[in-house]
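Undergrad: The following block contains the structure, expressed as structure tokens.
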């Protein structure tokens, strides 16, 4: 009987050890991050975001930007003196889709973090600069397609053409216009985003139908938390 009790105690100890090992495996990175300070915890949070299927809401877009690949490298963290906010700077390698549009980027990303409820969390998104650039690109596409010149003018940075010019001249005559984008290839730099757009423009002129496919370079400049087009929209 004594031997059975001993075996029972040993079995209980084994189960407890397995449970502890499982907990360390799951929570270990978080515990180590917290023990090593905010820098390590923030880096851990970014690395944990490297998953397929991460959904990033894009302001003004009906669907989110969904990752197929997201990877951070060369991460550096700057913590504010109050210890309640921080910024992570990293290179970002991203592939994903916005609806039917392929979005691919490589370049510099800056992720603000805040400390709340004992955890460091991204302030808005794990890729805010990329999201801001895609938001501007999608707003431009939608305004050109729907014929909204005032919306276009708000997307042009200082020194731009005000949203008229070549962009509006190209699409304004078309009836039943449709502008679709197969892909945006984005290179994020410190204060700008260099984009190659693969597009298809369809519509009707009085004399003939139009169906044009092509690619064009676009330049967006950062102003605060948003990106605007410079010098123009086309």
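The values are calculated or read from the model by the stated rules, or taken from the named source; none is laboratory data. Small disclaimer: the values here were computed from a predicted structure and weren't measured. Neighbour counts run over all protein chains shown; Cβ positions are idealised from the backbone, glycine included.
Undergrad: Just a yes or no: is a residue in region 166-189 in contact (Cβ under 8 Å) with a residue 60 or more places away in the chain, in contact with a helix residue (DSSP H, G or I) (Cβ under 8 Å, 6 or more places away or on another chain), surrounded by fewer than 19 Cβ atoms within 10 Å (Cβ to Cβ) and farther than 28 Å from residue 66 by Cβ?
TA: no
Table: residues versus (1) modelled with pLDDT of 95 or more; (2) surrounded by 14 or more Cβ atoms within 10 Å (Cβ to Cβ).
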position	(1), (2)
18	no, no
26	no, no
30	no, yes
33	no, yes
56	yes, yes
74	yes, no
85	yes, yes
91	yes, yes
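Undergrad: Can you name the helices (runs of 4 or more DSSP H) wholly within region 115-214 that have at least 3 residues being touching a strand residue (DSSP E or B) at 6+ places or on another chain (Cβ under 6 Å)?
TA: Per the criteria, 128-146.
Undergrad: Then there's this: If residue 90 passes every condition in (1) under 15 Å from the mean Cα position of the chain (by Cα); (2) free of Cβ contacts under 8 Å to residues at least 24 places away in the same chain; (3) more than 15 Å from residue 186 (Cβ to Cβ) but one, which one does it miss?
TA: That leaves (2) as the condition not met.
Undergrad: Would you check if there is a residue in region 118-141 being assigned by TED's automatic domain parsing to the domain that holds residue 54, more than 30 Å from residue 52 (Cα to Cα) and in contact with a helix residue (DSSP H, G or I) (Cβ under 6 Å, 6 or more places away or on another chain)?
TA: Within region 118-141 (the criterion being assigned by TED's automatic domain parsing to the domain that holds residue 54, more than 30 Å from residue 52 (Cα to Cα) and in contact with a helix residue (DSSP H, G or I) (Cβ under 6 Å, 6 or more places away or on another chain)), the answer is no, since none of the residues qualifies.
Undergrad: Can you find a residue in region 195-208 that is under 24 Å from residue 108 (Cα atoms), at pLDDT 95 or above and buried (at least 20 other Cβ atoms within 10 Å of the Cβ)?
TA: Checked region 195-208: at least one residue is under 24 Å from residue 108 (Cα atoms), at pLDDT 95 or above and buried (at least 20 other Cβ atoms within 10 Å of the Cβ).
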